[in-house]
1. Just one of (1) under 24 Å from ARG239 (Cβ atoms); (2) without any contact (Cβ under 8 Å) to a residue 12 or more places away in the chain trips up ILE113, so point out which.
2. Out of (1) under 23 Å from GLU31 (Cβ atoms); (2) in contact (Cβ under 8 Å) with a residue 12 or more places away in the chain; (3) not aliphatic (A, V, I, L, M), the odd one out for ARG93 is which?
3. Just one of the numbered conditions (1) away from the ligand (no atom under 12 Å from the Cβ); (2) modelled with pLDDT of 85 or more; (3) more than 25 Å from LEU307 (Cα to Cα) is not true of VAL233; which one?
4. Do we find that ILE250 is within 15 Å of the ligand (Cβ to nearest atom), within 23 Å of ASN137 (Cβ to Cβ) and part of a helix (DSSP H, G or I) in this structure?
5. Conditions: (1) touching a residue at least 60 places away in the same chain (Cβ under 8 Å); (2) away from the ligand (no atom under 16 Å from the Cβ). SER171 meets all but one. Number of the miss?
6. Mind counting the residues in the stretch 186-230 that are surrounded by 12 or more Cβ atoms within 10 Å (Cβ to Cβ), away from the ligand (no atom under 11 Å from the Cβ) and among the β-branched types (Val, Ile, Thr)?
7. Yes or no: the stretch 244-257 includes at least one residue that is within 23 Å of TYR163 (Cα to Cα), of a type in the set (Gly, Ala, Ser), under 19 Å from the mean Cα position of the chain (by Cα) and at pLDDT below 85.
Amino acid sequence: MKQNPFDILQQNALNFKLNPISFREIFFISESPCNVYGLVDGLMKVVLHKKEEITPQTLVLLLQKNLANLFVLEEDRGSLRLAQQENLRHVTRSLSIGDPLEKARLQANLLTINLGYLYEDPTNDSLLNLQVQSAKNLAIFLYGRPQIHEALYREFIKQGHHYIFAQPFLSTLFLLGVMKSTRLYVDRDIELFFLTSYLKDIGMSAIPVEKYNDENLSEEDKKLLASHPQLSVNILKGRVPLPPNHLKIIENHHIYSTLTKQYNLADKDDPSMIFGFETMMISVMDTVAAMITDRPFRKAGSLFNSLDLIRLLIGEQYPQEFKLIVNYFKNFFRSQ
Ligand SMILES: [Fe+2]
């Protein structure tokens, strides 16, 4: 298509004002809160008009036209965020109505989309409070329904969220299941451990997400990454209903880092480091969830290999717990 100079000028001005959004951000909303743009024949054009109805067919059509990369005007970014926040609020309130798997799937996906917004703006109290309330509700809902966990895991993986935002929910889903299998916990504990595990990586928001697509982080990025547990505590302290010992768990939540491949094993002999049962469980579930899911720079590893690493990490110190973990995962993936 031939472009006239006016088109080019107009396009340049538009490109300058457009922000990329994730395709998933137009999921789960019934009408577009603003104009959404896509690249059509080399030009930025409106592909969804403000207030246009969004149906599953709308999404399929966009994908068929190769319009997975979408953009909104800078000033409209907030309206999309608000729509997804409202969506999450609504599903949180009506979680127990309808098909449990469908509701849990929706809630987990909305929670993850909104977690992305929180990472963009970690000091925003309303985004953080919404995450806390929604995560607490989902914790109790899922704790009472272990029969849907595996299907939920598979459905959630299919959504293809960036792993930085998907990982907190996946590791926490595993944690919930293993806690259930111990029969040691009451609802209040479940809420707190769910929140602790789910919010433990919020300090990662200090590093731009694009950097995590590359396996070879610079030394500086590695340092920043290694400090994310402390950054998480700094972000959360005084803003979330987590007691000090739970913040301590967040501070110590890495026995092993799958990103830097660093072990913190030497620390376990240091009496100032607390590797209690819960800290260990949160760390181990995080490691397994990371190892068995895809990353932009590698394919998912096998459950067997991840459990082998866990055996090396904790097998000696926690032999009973290691058996519990192995049994839990064997049961979890029994249909494979
Ligand atoms: Fe972490």
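The values are calculated or read from the model by the stated rules, or taken from the named source; none is laboratory data. Computed from a prediction, not measured in an experiment: that's the story for all the values here. When we count neighbours, we look across all protein chains shown, and the Cβ atoms used for this are built from the backbone with ideal geometry, even at glycine.
1. The single condition ILE113 does not satisfy is (2).
2. (2)
3. That leaves (1) as the condition not met.
4. yes
5. In the conditions (1) touching a residue at least 60 places away in the same chain (Cβ under 8 Å); (2) away from the ligand (no atom under 16 Å from the Cβ), SER171 misses (2) alone.
6. Qualifying residue count for the region: 4.
7. yes
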